[in-house]
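Here the structure comes first, spelled out in structure tokens, and everything after it is commentary.
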Amino acid sequence: EALRPKARALAGDVLERWRKSGAIPAVRINPLEICGNLDLLGALAGRPEIIMMSKVVSPQQVVALEKATGGSVELVPNVETAAGLLNTFHIAKASPRVTALLVASEDMVADLGTARSRNGEELAYVRSRFLVECRAAGVEAIDCPYTFSDAKGAVADARAAKRLGYRMKSLVDAPHAKATNAVFTPSKAEILKARRIVAAFEKARAAGKDRAKVDGALVEVPIYASAKRLLDLK
């Protein structure tokens with residue numbers, strides 16, 4: 001008991017340093033039914049902007065978390081089991097405070113009875129389904145971390161996630177951050193092509209047409225909308 005005030009003060013100091021550096025303070029806690037309430041007590045003292053909770057398997061856990069936080073912060077449930085995956089949509093819709101969900105790697109493959117590999121083939125279905133469930137619920141999907149130390153593999157894993165449609169990725173190895181950010185940041189070539197697509201489609205639409213042609217490919221509404229989204233990210 002005597003250590004709790006000191007721990008809360010330390011949490012506050014750490015999060016304040018993050019805040020001053022321009023980072024968004026976020027804290028990951030254990031499920032409330034285990035020891036999450038104690039975690040939350042310390043975390044809230046630091047005024048985090050996001051609370052992440054591990055091992056979420058049901059929407060009821062999210063409802064309880066929202067109540068415990070007083071509805072004051074964004075919530076990012078972590079889906080780490082097969083049961084959680086099957087409930088992803090309902091977990092995402094359990095509270096308007098849920099802005100994103102994160103899918104795990106190591107705990108997920110352990111629950112599936114397999115092992116983590118560098119190419120991630122054992123998580124192929126999980127990552128695809130998780131993304132679809134999150135998109136359907138209208139929240140952001142955060143891809144699982146690459147849990148090996150090599151930077152080359154981390155970049156390849158990030159590119160695979162981007163191809164699936166992910167716009168965010170979790171990390172466990174800080175040195176991977178710069179390379180991963182580079183993967184998800186639109187390149188100059190991508191930006192230029194997106195601008196050409198937007199310009200060509202809008203010119204065609206002004207002329208009463210419903211499609212345009214860019215680099216020999218037909219551009220219709222979905223491709224135009226995708227280009228607009230990319231430009232919004234730059």
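The values are calculated or read from the model by the stated rules, or taken from the named source; none is laboratory data. Note that the coordinates shown come from a computational prediction; the quantities given were computed from them, not determined experimentally. Don't worry about glycine lacking a Cβ; one is built from the backbone with ideal geometry, like all the others, and counts go over all protein chains shown. Accessible surface areas use protein heavy atoms only, side chains included; no ligands, DNA or RNA. Shrake-Rupley method; radii C 1.70, N 1.55, O 1.52, S 1.80 Å.
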* To do: Look at SER95 and say whether it is of a type in the set (Ser, Thr, Tyr), open to solvent by less than 50 Å² (accessible area, probe 1.4 Å), within 15 Å of the chain's Cα centre (by Cα) and modelled with pLDDT of 95 or more.
  => no
Residue in region 134-143 that is open to solvent by 60 Å² or more (accessible area, probe 1.4 Å), closer than 18 Å to GLY165 by Cα, assigned to a helix (DSSP H, G or I) and among the small types (Gly, Ala, Ser) present:
yes
Just one listed residue, out of VAL155, VAL132, VAL139, VAL172, is more than 14 Å from the chain's Cα centre (by Cα) and either farther than 19 Å from ALA82 by Cβ or without any contact (Cβ under 8 Å) to a residue 12 or more places away in the chain (or both), and it is VAL155
Checklist entry - Yes or no: GLY113 surrounded by fewer than 16 Cβ atoms within 10 Å (Cβ to Cβ) and either out of contact with any helix residue (DSSP H, G or I) (no Cβ under 6 Å at 6 or more places or on another chain) or not hydrophobic (A, V, I, L, M, F, W, C) (or both)? => result yes
Log entry, pairs with first residue in region 219-234 being open to solvent by 40 Å² or more (accessible area, probe 1.4 Å), second being part of a helix (DSSP H, G or I) and at pLDDT 90 or above, beta carbons closer than 7 Å, six or more apart or on different chains, reads ILE223/ILE197; LYS228/VAL198; LEU230/GLU190; LEU230/ALA194; LYS234/ILE191
Within region 51-73, residues in contact with a Lys or Arg (Cβ under 9 Å, 6 or more places away or on another chain) and surrounded by 17 or more Cβ atoms within 10 Å (Cβ to Cβ) come out as ILE51, MET52, MET53, SER54, PRO59, GLN61, VAL62, LEU65, GLU66, THR69, VAL73
Within region 142-191, residues being of a type in the set (Lys, Arg) and either within 19 Å of ALA104 (Cα to Cα) or in contact with a Leu (Cβ under 8 Å, 6 or more places away or on another chain) (or both) number 5
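If we keep just the residues of region 39-80 that are small (Gly, Ala, Ser) and not in a loop (DSSP other than H, G, I, E, B), which is farthest from ARG17 (Cα to Cα)?
It comes out as ALA64.
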Notebook entry, point to check: Any residue at all in region 123-135 that is farther than 29 Å from GLU66 by Cβ and not β-branched (Val, Ile, Thr)?
Noted result: yes
Reported set for region 144-184 where residues are surrounded by fewer than 16 Cβ atoms within 10 Å (Cβ to Cβ), polar (S, T, N, Q) and closer than 22 Å to ALA26 by Cα is ASN181
When (1) at pLDDT below 95; (2) in contact with an Asp or Glu (Cβ under 7 Å, 6 or more places away or on another chain); (3) open to solvent by 50 Å² or more (accessible area, probe 1.4 Å); (4) hydrophobic (A, V, I, L, M, F, W, C) are applied to TRP18, the one that fails is (2)
Result of the Cβ filter at 6 Å on region 48-67, keeping first residues that are on the phi > 0 side of the Ramachandran plot and partners that are open to solvent by less than 30 Å² (accessible area, probe 1.4 Å), at least 6 apart or interchain, is LYS55/PRO31; LYS55/GLU80
Flagged in region 196-212 as of a type outside the set (Phe, Trp, Tyr) and either in contact with a helix residue (DSSP H, G or I) (Cβ under 7 Å, 6 or more places away or on another chain) or surrounded by 16 or more Cβ atoms within 10 Å (Cβ to Cβ) (or both), in numbering order, are ILE197, VAL198, ALA200, ALA204, ARG211, ALA212
Quick count over region 186-216, residues being free of Cβ contacts under 8 Å to residues at least 24 places away in the same chain, under 27 Å from VAL155 (Cβ atoms) and of a type outside the set (D, E, K, R), is 3
Would you mind stating whether ALA94 is in a helix (DSSP H, G or I) and farther than 30 Å from ARG17 by Cα?
no
